[in-house]
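Read-outs: derived from the displayed coordinates by stated rules, not from any lab. Fair warning: this is a prediction, and the values are worked out from it, not measured in the lab. Cβ atoms come from the backbone with ideal geometry, glycine included; neighbour counts cover every protein chain shown.
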Amino acid sequence: MSATTLAKAPAAVERPAPRGLVRSVLRLHRTALWIWLAFVAFTAGLLLWLTGPGADATARQLERFGYGGGVMEAAYSTDTLFYFTSGAYNDLFYDPDTLITLASFAVALFAGGPLIARELESGTAQLAWTQSVSPARWLTAKLAVPAAFVVVGTGLLTLLYRQLWSAHSNLLIAGIGPRSLYFSLGPATVAAPLLGLALGTLIGLAVRRTLPALAFSGFAYFLVHAFRGNHWPFQGRYQQPDLSSRSHAITSTGAEISDPGCYTDKACLAGHDVVRFTREYLPSSDYWPRQLLETGVLLALTAVAVALAFGLLRRRAATG
Amino acid sequence: MSSISTTPAVALEASGLAKRYGRRPAALDDCSFRLPTGRISALVGPNGAGKSTLLALAAGLLRPTSGTVTVLGGAPGAARDRIAYLAQNKPLYPQLTIAETLRMGAELNPARWDAACAARVVEQGDLDPKSRIRGLSGGQRTRVALALALGKRPELMLLDEPMADLDPLARHEMMGTLMADAAEHGTTVLMSSHIVAELADACDHLLLLGGGRVRLGGGIDDLLAAHTLVTGRGTPADLAPHTVIESRTAGRGLTALIRRDGLVGEGWATEEPSLEELLLAHLRAPEAPALLTPGTTATTAAVTA
């Protein structure tokens, strides 16, 4: 996975800037890029494990005992103090989402701090501008290189996550969790860190000092995150109906009956002649309208932030 | 960018240049001068006179509040590839090694980079190319910054206190490197400094800034020749036709630095001032009228763009 990320990213940004500028940006921020690649590799590994071997035990439970005796039992049997370390499949399922959210925050902080403000504060940006590179080209490279990594990385993770969802979302406990995850995964997952990158850059250029820029970027991305979570057209974490799901028990003749409510009682299951259970979440018809609208809003805000950043740079420094 | 191929006779020209930071008094105010190509010019002035602001404006790092500055025949931003700028704090990327810093210079200046020249400057300081910038001393950092500036083969070098944190030996050595390079390639240099001895040896041109304007500008020899240090019995009023820059009673007589207008009268002993005397007198007398030699006076016709 990380190999494809490496190969794809530079190719996406080679056109406008000279190769040397792109190479310089890669070299300057190589630590951050390695951390990003490590994050993508780890999260992709986790997603693949959840799609494959990680789901086996819980999937077998669902097949034998259905939602109540299988999924619920598997989720609660291992509960600990912190849900995300419990090791239960239902909790592990959401961990990549948490990681992607944290990484998006990190992108915004990186853009505000090390990418822009630290360079302006220490004067190294001015060093670059007095080589044969105009401030506008410098900013273009500074935005394009991380943006390529962000798009390729989160894009890959989102695809894997969607794959995981279609394979094993039936192993999740019903509630706001599945709904919120379902509506947040898509093009908007890629657009959100891009907006973080743009906002961080804008704040870095406006504030020009590392620590305040870090604080403001974090706050700005917190607003984006909160807004994504709670407002139409975004997913709506609260006061929303659960996703519709369909569960069946299947008898030895192949007939689909409703769950007899045996829980883990094998004798009861045998009495109802149930051999296995199935369960699935039904796709929601307003997924794409919401996703596209959300993505559109996020990308429009990104464009505005980038335009403001270039405008600010032009006003500050001499002609681009 | 490629259209200006003939060497312009003027490297740097400012016309009515002003820069204000917020509500503070202007750092530069109606500053006009002209720096011919090929000169090694010293930019002198008290602290806060606007030296760094002028250099940053010429490097295209700041936008003037009003007025224009023309660099190598064009706007400052258009000549980025042909100027080198060394900021006062010598910023470099601390996480890179010296070799990587120079490679960055090559990558960001693909058309002009002279790797051998840059490597030579670093070698002279006995620096290991593999050591990180983070671990270098101030003086070593200055050397790397200067290597980056010289490796670019600039036509105009803008140096903000280039030698301030070097030990005397290294300063002498680096000044030698800089001057040899400038002489060999006909580079124009404008450098700010407080060290008058360093300027007297290296520079042939002077710009004295005060109150945001150029108070004294021209070839050092011309400026020195225009002034006379007189000693004798009398009062400043006795020196009437001449412009008295500064006068002091010394013993029973008077010592004064004057700008001659005709011959000096009887009874005054005259001598040519040293550069230091000239500078100190002007720094102590901020209200003295400005003097720019014809070659350094800005042409009003050039105020376009």
Could you work out the mean count of beta carbons from other protein chains within 10 Å of each residue's beta carbon in B:58-64?
-> 5
With each pseudo-label sitting 7 Å past Cα toward Cβ, what's the A:Ala303-A:Phe42 distance in nm, one decimal?
-> 3.6
Can you give the alpha-carbon Rg of the range B:1-83 over 2.2 N^0.38 Å, where N counts its residues?
-> 1.10
Take peptide B:104-112, look around each residue's Cβ out to 10 angstrom, count Cβ atoms belonging to other protein chains, and average those counts.
-> 6
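Between B:Leu169 and B:Ala225, how high is the FRET efficiency from 1/(1 + (r/R0)^6) when r is the Cβ-Cβ distance and R₀ = 25 Å? Nearest 0.05.
Computed FRET efficiency for B:Leu169 and B:Ala225 comes out at 0.15.
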Among B:Asp238, B:Asp181, B:Asp222, which one shows the biggest mean-square fluctuation in a GNM of chain B, springs joining Cα atoms closer than 10 Å?
-> B:Asp238
Which Cα, out of B:Leu96, B:Leu206, B:Ala180, lies furthest along the positive dipole direction of chain B (beta carbon charges, K/R +1, D/E -1)?
-> B:Leu96
Over the range A:136-282, calculate the relative contact order: mean separation of alpha carbon pairs under 8 Å at least 6 apart, over the residue count, as a percent.
-> 22
Taking chain B on its own, what percent of its Cα-Cα pair distances exceed 33 Å?
-> 30
Cα-based Rg then Dmax for the range B:84-219, in Å, read 15.0, 46
GNM on chain B, Cα springs under 10 Å; top mean-square fluctuation among B:Ser52, B:Ser66, B:Ser193 goes to B:Ser66
Can you tell me the 0 to 90 degree angle between the C-alpha axis of helix A:95-110 and the longest principal axis of chain A, rounded to 10?
-> 10
R0 = 25 Å: FRET efficiency of B:Arg24 with A:Phe219, Cβ-based, nearest 0.05?
-> 0.25
Could you work out the helix-only [θ] at 222 nm for the protein assembly as shown, with each DSSP H run of four or more residues adding -39,500 (n - 2.57) and the total divided by the number of residues, to the nearest 500 deg cm²/dmol?
-> -15000 deg cm²/dmol
The ratio Rg/Rh over the Cα atoms of the protein assembly as shown, Rh being the Kirkwood inverse mean 1/r radius, stands at 1.20
Would you mind computing, in nm to one decimal, how far apart the modelled labels at A:Ile173 and A:Ser245 are, each placed 7 Å from Cα along Cα→Cβ?
-> 1.1
Positive-pole candidate from B:Ile245, B:Thr235, B:Ala256, dipole of the range B:222-289, charges at beta carbon = B:Thr235
Dividing the mean separation of Cα pairs under 8 Å (6+ apart) by the residue count of chain B yields a relative contact order in percent of 21
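Quick one: compute the contact order of chain A, relative version, from alpha carbon pairs under 8 angstrom and 6+ residues apart, as a percent.
For chain A, the relative contact order is 24 percent.
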DSSP-defined beta bridges in chain B - what % are antiparallel, rounded to 5 | 65
For the protein assembly as shown, which cysteines have no disulfide-compatible partner, meaning no other cysteine Cβ under 4.7 Å?
-> B:Cys31, B:Cys117, B:Cys203
Residues with amide H under 5 Å of A:Arg276's amide H, sequence separation 5 or more or different chain, H placed in the peptide plane at 1.01 Å from N; which?
-> A:Ile250
For each of B:Thr53, A:Thr201, count neighbouring Cβ atoms within 10 Å of the residue's Cβ, then give the residues from fewest to most.
-> B:Thr53, A:Thr201
Choose one answer from B:Arg24, B:Arg260, B:Arg112: the residue with the largest mean-square fluctuation in a GNM of chain B with alpha-carbon springs under 10 Å.
-> B:Arg24
Rounded to whole Hz, the Karplus (6.51, -1.76, 1.60) HN-Hα couplings of the range B:107-118, x for glycine and proline = 6, 8, 10, x, 7, 10, 5, 10, 5, 5, 5, 5
Working from Cα positions, state the angle (0 to 90°, nearest 10) between the long axis of helix A:287-316 and the longest principal axis of chain A.
-> 20
How far is it, in nm, from the label point at B:Arg134 to the one at B:Gln95 when both lie 7 Å from their Cα along the line to the Cβ?
-> 0.9
Length gained when the stretch B:Ala269-B:Arg233 is fully extended (0.36 nm per residue, less Cα-Cα span) | 12.0 nm
For A:Ser245, distant residues with modelled amide H under 5 Å away | A:Leu282
So which lysines can B:Lys51 reach, going by Cα to Cα under 19 Å and dropping same-chain residues fewer than 8 places off?
-> B:Lys19, B:Lys90
Where N is the number of residues in the range B:1-141, Cα Rg divided by 2.2 N^0.38 Å | 1.21
Restricting attention to the alpha-carbon atoms of chain A, what are Rg (one decimal) and Dmax (integer), both in Å?
-> 23.6, 83
By counting other Cβ atoms within 10 Å of each Cβ, how are B:Cys31, A:Cys262, A:Cys268 ranked from fewest to most?
-> A:Cys268, A:Cys262, B:Cys31
